[in-house]
Amino acid sequence: MIALFAAAGLLAGARLAPPAHRVLPVAAESLSRRPAAQDVYNGRANQLRVRPPRLEESGVAIDGRLDEPQWASAALLTGFSQFSPNDGAVANDSTEVLVWYSPTAIHFGIRAFEAHGTARATLADRDRIGADDHVQLLIGTFNDGRQATVFAVNPLGVQQDGTITELNQNRTSGFAGSALARDPADVSADFVFQSKGQLTPDGYVVEVRIPFKSLKYQSSLAQTWGLNVVRQVQHSGHEDSWTPARRAGLSFLAQSGALEGLTDLRRGLVLDVNPEATQRTTGIQPVAGAGGWHHASGRPELGGNVRWGISNNLTLNGTINPDFSQVESDAGQFSFDPRAALFFAEKRPFFLDGLENFSTPHSLVYTRRVIQPVGAVKLTGKLSGTNVAFMSAVDDVAGSSSRLDHPVFTILRLQRDLGTSSKLGMTYTDRVDAGSYNRVADVDGSYLFGGVYSVQGQYAQSFTRLPDGEVLNAPLWHAQVNRNGKNFAFGYALDGVHDDFRTQTGFISRGGVVNTSINHRYTKYGERGALFEAVTFNPVLNHTWRYQSFVHQDDAIEKKLHFNLNATMRGGWSGGVSYLVETFGYDPALYADYRLLNAPGDTIPYVGTPRIPNNDWVLSVNTPAGRRIAASVFYIWGRDENFYEWASSEFVVWTYTLNVRPTDKLRLNATYNVQSFNRRSDGSIVANNRIPRLKVEYQLARPVFVRLVGEYTTLYRDALRDEGRTGKPIVTYDECADMALQQTVSCQRSFFRGDFLFSYQPNPGTVLFVGYGAGYADTRASPQQFEFPRSFGFRGYNRTDDALFVKASYLFRL
């Protein structure tokens, strides 16, 4: 329930020069020395097959100057086009990219001209350059139009990297934002490469060196790689592309250009050895505020990771006793539906490397199911058009139902390329825990046709033996048809998860249901210079059945009709408004433990209202990524289901986000989430939940920063009653009374978590972390004393736990 608002010209055969009245000194020197034979590739003229020269690296320093002789002979990429928010127009800001390669690395030089003032750049931590001007290099080393490695740099050379694996789905805007025209990069993975940049009077210059050791690629002697270059311009909010890519298409990568004639690439021995040592001291106070503080400090734990490039396209990873602690706690989330599980992204380096190879339409591989492996191995790569991904892990006993056995995970994913963009995949997952097991077999695929259409399907079967000996076998299935046109797009989907389907290696948000979705998008683009650059109308119809109800053709339990209107405006502003019409049917399984207090000592069955109608409005606004400040507001209000009492309530959700960069080294990120339910009968509060969070980071140098994170969580819930029917008090296992079976009482639970981190990370794998974190709880009063939620405050808070850790690791690249 979130809404977010999200002339053509053709210049053939000519390169776009920087404005005559603002000449970049470095560029002018390079232009004057440019040999007449230097190859120029103009994207708008469809000169997209690039043959970069092979040169020696002798004398080249990665300093962001581009003044060595090799750059004068490099292939030159020019003629960028606007891609977002509208495609086809000449880019407002000129960009030049130079490319050449040596026997051991590929080199890129970027000159980004900025006629509108100084480019936006900060000395940020790795991967934190989304609010800066930056350039992305999309390199498809297997030239399959399906996947690419992304190397991005801001004007100071700060790095962002990751992978793109295209899903080939309709990218409708919904109430989560404006329509995306391409799959975003997953920046979880980190690669070793060098970059250096500098601001200039006319923009910025960046130099990039990517070692072949950091890439997987084909086994052929002569290589052809897919290539595109995308520039993010913050003053306008535009995204420019070297290739004249069109938004009307399911594949952005298939519209890439190519690097041809790459020969005699010397990757050498690829063997990364990454030993690590961790020292941790933890403290806990079993009863907050009652003394008895206990600290435990063990010996330093030793572990390590090994990465071996078996071949150019196949990599083996291994780990022994790794430290899988996170250096930043997961941000708190609200649950909108107690039947749906919350998803938390993977952050652990061993699992992130090659994670894109395990992707399936329904997430059958969710590596956070592996809690703390004693050891693990992983094999990923691509062989003759087939993606291969295998992982096996032995988990800690903490993940076992008996707390005595070591669960063993085995995961295999194969995916075969079909035609130019289609694919067929299979997955097998297995988790064995003593006498119990969970096994899932899956087949899935997608077929693209007509450039803008795709058909997708998936079928999986689970085979589960529970610890009590019960055996369950059940299916999961999914089918979808997509069209991703520029002005008109649609997606029709049908998927089901049987009540008995289990996956102990994957993530299913809600089981036992069948969902249908009919999703259309209509987009109107403004003329160049118009206030509204793109306006999208996106109606969505969703129905949800309990699985058995769908099989027996009974009525849907949930019916939703959403009308979403989103807009992208000049200068990078976006906003949206939505109107939601919904009805939710009573789910007796959710309230199986509810009873009503009829009289002291006498309870009667709880029977919920058959159906609750909802009407909500959604409003959102996003500012541009300004030089110092960027903000967003998301607001839902209206009548929505109150799951606590199964009744219609006045519902409000606020989400505020503020990003402030007072200097080029200091970053502040503040979020404030509010969720509130009020009874319609008398306006009293049923629940009021608030989570403010503040993150402060100071970048001392490119590899060094310090971070402070504070998160305050306060959750208030009133004593419950049968609001929808009788008004009688509810008896259940009350979370406000340590899950005792009793008449519910009002309570407020408040927590504060503070974390400090010093980080030194000159490259992925070489790190020094020193961190301290502590949790605090409000212990002022018993739950029964609360009638209304208290305001924020720190009186009465006692420290309940803390931890100090030091982690050091070093990357030996042999």
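The values are calculated or read from the model by the stated rules, or taken from the named source; none is laboratory data. Just so it is clear, the structure is predicted and the values come from calculations on it, not from any experiment. Using ideal geometry, Cβ is built from the backbone for each residue, glycine included, and neighbour counts are taken over all protein chains shown. Ligands, DNA and RNA are excluded from the accessible area calculation, which covers all protein heavy atoms including side chains. Shrake-Rupley method; radii C 1.70, N 1.55, O 1.52, S 1.80 Å.
Residue count for the stretch 176-227 under the criterion of being in a loop (DSSP other than H, G, I, E, B) and over 18 Å from Val158 (Cα atoms): the result is 18. Here Asp499 clears all of (1) assigned to a strand (DSSP E or B); (2) in contact with a Phe, Trp or Tyr (Cβ under 6 Å, 6 or more places away or on another chain); (3) surrounded by fewer than 15 Cβ atoms within 10 Å (Cβ to Cβ) except the condition numbered (1). If you go through the stretch 600-617 and keep only what is part of a strand (DSSP E or B) and open to solvent by less than 40 Å² (accessible area, probe 1.4 Å), you end up with Ile612, Asn614, Asp616. Cβ-Cβ contacts under 6 Å between residues 6 or more apart (or on different chains), taken from a first residue in the stretch 553-564 that is modelled with pLDDT of 95 or more to a second residue that is among the acidic types (Asp, Glu) and open to solvent by less than 70 Å² (accessible area, probe 1.4 Å), are listed as Lys560/Glu582.
From the residues in the stretch 214-246 that are open to solvent by 20 Å² or more (accessible area, probe 1.4 Å) and of a type in the set (D, E, K, R), which one is farthest from Asp144 (Cα to Cα)? In this case the residue turns out to be Glu239. Please verify whether Leu123 is touching a strand residue (DSSP E or B) at 6+ places or on another chain (Cβ under 6 Å) and either open to solvent by less than 10 Å² (accessible area, probe 1.4 Å) or modelled with pLDDT of 95 or more (or both), treating the condition exactly as stated. Spelling it out, it is not the case that Leu123 is touching a strand residue (DSSP E or B) at 6+ places or on another chain (Cβ under 6 Å) and either open to solvent by less than 10 Å² (accessible area, probe 1.4 Å) or modelled with pLDDT of 95 or more (or both). Based on this model, can you work out whether Ser402 counts as surrounded by fewer than 15 Cβ atoms within 10 Å (Cβ to Cβ) and outside any strand (DSSP E or B)? When the stated conditions are applied, Ser402 passes them.
Checking the structure you have, find out if any residue of the stretch 713-722 is within 19 Å of Gln333 (Cβ to Cβ), open to solvent by less than 60 Å² (accessible area, probe 1.4 Å) and aromatic (Phe, Trp, Tyr). Steps first, answer last, please.
Taking the stretch 713-722 first, the residues within 19 Å of Gln333 (Cβ to Cβ) are 713-717.
In the following step, the residues that additionally are open to solvent by less than 60 Å² (accessible area, probe 1.4 Å) were identified as 713-717.
If we keep only those that are aromatic (Phe, Trp, Tyr) as well, we get 716.
Yes, the stretch 713-722 contains at least one residue that is within 19 Å of Gln333 (Cβ to Cβ), open to solvent by less than 60 Å² (accessible area, probe 1.4 Å) and aromatic (Phe, Trp, Tyr).
The residues of the stretch 738-749 that are of a type in the set (S, T, N, Q) and modelled with pLDDT of 90 or more, listed by number, are Gln742, Gln743, Thr744, Ser746.
Checking each residue in the stretch 345-374 for being in contact with a Leu (Cβ under 9 Å, 6 or more places away or on another chain), modelled with pLDDT of 85 or more and either among the charged types (D, E, K, R) or not in a loop (DSSP other than H, G, I, E, B) (or both) picks out Phe358, Thr367. Of the residues contained in the stretch 750-758, none is found to be buried (at least 20 other Cβ atoms within 10 Å of the Cβ), touching a Lys or Arg at 6+ places or on another chain (Cβ under 9 Å), at pLDDT 95 or above and at negative phi.
In this structure, Phe108 does satisfy being out of contact with any Ser or Thr (no Cβ under 7 Å at 6 or more places or on another chain), within 30 Å of Val704 (Cα to Cα) and aromatic (Phe, Trp, Tyr). Look at Asn143 and say whether it is more than 30 Å from Leu814 (Cβ to Cβ), at pLDDT below 95 and either open to solvent by 10 Å² or more (accessible area, probe 1.4 Å) or not in a helix (DSSP H, G or I) (or both). No, not satisfied. Thr726 fulfils the conditions (1) open to solvent by 40 Å² or more (accessible area, probe 1.4 Å); (2) farther than 22 Å from Asn798 by Cβ; (3) at pLDDT 95 or above except for a single criterion, (3). The single residue among Ser178, Ser173 that is modelled with pLDDT under 90, open to solvent by less than 20 Å² (accessible area, probe 1.4 Å) and not aliphatic (A, V, I, L, M) turns out to be Ser173. Considering only residues in the stretch 43-84 that are in a loop (DSSP other than H, G, I, E, B) and among the small types (Gly, Ala, Ser), the one that is most open to solvent (accessible area, probe 1.4 Å) turns out to be Ser58. Can you find a residue in the stretch 326-344 that is in a helix (DSSP H, G or I), within 23 Å of the chain's Cα centre (by Cα) and modelled with pLDDT under 80? The answer is no; no qualifying residue exists. The criterion of being over 18 Å from Asn438 (Cβ atoms) and out of contact with any strand residue (DSSP E or B) (no Cβ under 6 Å at 6 or more places or on another chain) does not hold for Gly469. Of all positions in the stretch 657-679, none carries a residue that is outside any strand (DSSP E or B), closer than 30 Å to Ala592 by Cα and among the hydroxyl-bearing types (Ser, Thr, Tyr). When Arg627 is tested against (1) within 30 Å of Asp133 (Cβ to Cβ); (2) open to solvent by less than 40 Å² (accessible area, probe 1.4 Å); (3) part of a loop (DSSP other than H, G, I, E, B), exactly one condition is not met: (2).
The residues of the stretch 417-451 that are open to solvent by 50 Å² or more (accessible area, probe 1.4 Å) and either hydroxyl-bearing (Ser, Thr, Tyr) or modelled with pLDDT under 95 (or both), listed by number, are Leu418, Gly419, Thr420, Tyr428, Ala434, Gly435, Tyr437, Tyr447, Phe449, Gly450, Gly451. The residues of the stretch 70-115 that are in contact with a helix residue (DSSP H, G or I) (Cβ under 9 Å, 6 or more places away or on another chain) and polar (S, T, N, Q), listed by number, are Thr78, Ser81, Ser102, Thr104. Summed over the stretch 444-475, residues that are more than 23 Å from Thr420 (Cα to Cα) and out of contact with any His (no Cβ under 6 Å at 6 or more places or on another chain) total 15. Against the condition open to solvent by less than 40 Å² (accessible area, probe 1.4 Å) and in contact with a Phe, Trp or Tyr (Cβ under 6 Å, 6 or more places away or on another chain), how does Glu697 come out, does it pass? Here the answer is yes, as Glu697 does meet what is asked.
Taken together, the criteria place Tyr591 among residues that are more than 28 Å from Ile518 (Cα to Cα), open to solvent by less than 50 Å² (accessible area, probe 1.4 Å) and either at pLDDT 95 or above or out of contact with any Asp or Glu (no Cβ under 6 Å at 6 or more places or on another chain) (or both).
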